[in-house]
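The values are calculated or read from the model by the stated rules, or taken from the named source; none is laboratory data. Given the structure is predicted, the values throughout are model-derived calculations rather than measurements. Cβ sites come from the backbone with ideal geometry, for glycine too, and all protein chains shown count toward neighbours.
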Amino acid sequence: MLLNEIIREKGKTPDKLLSVLIEYQKTKNRNYLTNEDLKEVAQKMGLPESRVYSVATFYSLLSTKPRGKYVIQLCRDVPCYVNGAFDVREELETALQITMGETTKDGLFSLEYASCLGCCEQAPVIRIDQKVYGNLNRKKLAEIISDYRRL
């Protein structure tokens, strides 16, 4: 029923696939889409399963593996790397007690790399869900993590 509502709101044409997948993923408990979910989207939108799967695995906002409630994506492009992304990664891993690609035991946070987030002037940057945080340092990261823990 929920998928039907999303498709009705977003549209059923192929150009609406990404927005349908993003909205559908938001309804999922572990912040990811299963193979069954992708098959259902393909069927209800009248698209080939291969197309739906390729979109779901191409975009970093989507996942086919279980993740935390909040997905922290660290930009790993050159400007961020040069401006301290390595230090940001170390700080995040220490604060959350996980490494890249893992999820915290409480299921609250997952750490992932992302390709360029398009905010080079604010490097280094992270994205949590669809919000970007830039010009990061140890204090800012601690505040961001603390704020999300309170949500």
Residues (surrounded by fewer than 19 Cβ atoms within 10 Å (Cβ to Cβ), assigned to a loop (DSSP other than H, G, I, E, B) and under 16 Å from the mean Cα position of the chain (by Cα)) located in region 100-118: Met100, Gly101, Glu102, Thr104, Gly107, Leu108, Ser115, Cys116, Gly118
Checking Gly11 against (1) farther than 30 Å from Leu74 by Cα; (2) surrounded by fewer than 13 Cβ atoms within 10 Å (Cβ to Cβ), which single condition isn't satisfied? (2)
Taking the conditions exactly as written (assigned to a loop (DSSP other than H, G, I, E, B), modelled with pLDDT of 95 or more and not assigned by TED's automatic domain parsing to the domain that holds Asn135), does Leu47 satisfy them or not? yes
With respect to Thr64, determine if the residue is over 28 Å from Val41 (Cα atoms), touching a residue at least 12 places away in the same chain (Cβ under 8 Å), in a loop (DSSP other than H, G, I, E, B) and outside the structural domain of Thr34 (by TED's automatic domain parsing). no
Does region 26-39 contain any residue that is in a helix (DSSP H, G or I), modelled with pLDDT of 95 or more and surrounded by fewer than 13 Cβ atoms within 10 Å (Cβ to Cβ)? yes
Cβ-Cβ distance below 8 Å, separation of 6 or more or different chains: which pairs start in region 25-47 with a residue that is within 19 Å of Glu102 (Cα to Cα) and end on one that is in a helix (DSSP H, G or I) and not basic (Lys, Arg)? Lys28/Asp37; Asn31/Gln25; Tyr32/Gln25; Leu33/Leu21; Leu33/Tyr24; Leu33/Gln25; Leu33/Val41; Leu33/Ala56
Glu93 passes all but one of (1) over 17 Å from Tyr148 (Cβ atoms); (2) among the acidic types (Asp, Glu); (3) surrounded by 14 or more Cβ atoms within 10 Å (Cβ to Cβ); which number fails? (1)
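I'd like to check something: does region 68-84 contain any residue that is within 19 Å of the chain's Cα centre (by Cα), free of Cβ contacts under 8 Å to residues at least 40 places away in the same chain and in a loop (DSSP other than H, G, I, E, B)?
Yes: region 68-84 contains one or more residues that are within 19 Å of the chain's Cα centre (by Cα), free of Cβ contacts under 8 Å to residues at least 40 places away in the same chain and in a loop (DSSP other than H, G, I, E, B).
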Report yes if some residue within region 62-82 is more than 27 Å from Tyr133 (Cα to Cα), surrounded by fewer than 17 Cβ atoms within 10 Å (Cβ to Cβ) and not hydrophobic (A, V, I, L, M, F, W, C); otherwise report no. no
Which residue is surrounded by the most Cβ atoms within 10 Å (Cβ to Cβ), if the candidates are limited to region 128-150 and must be over 17 Å from Glu93 (Cβ atoms) and in contact (Cβ under 8 Å) with a residue 12 or more places away in the chain? Gly134
Just wondering, is there one or more residues in region 85-99 that are closer than 16 Å to Leu136 by Cβ, in a loop (DSSP other than H, G, I, E, B) and outside the structural domain of Gln25 (by TED's automatic domain parsing)? no
Taking the stated definitions as given, is Ser54 part of a strand (DSSP E or B) and modelled with pLDDT of 95 or more? no
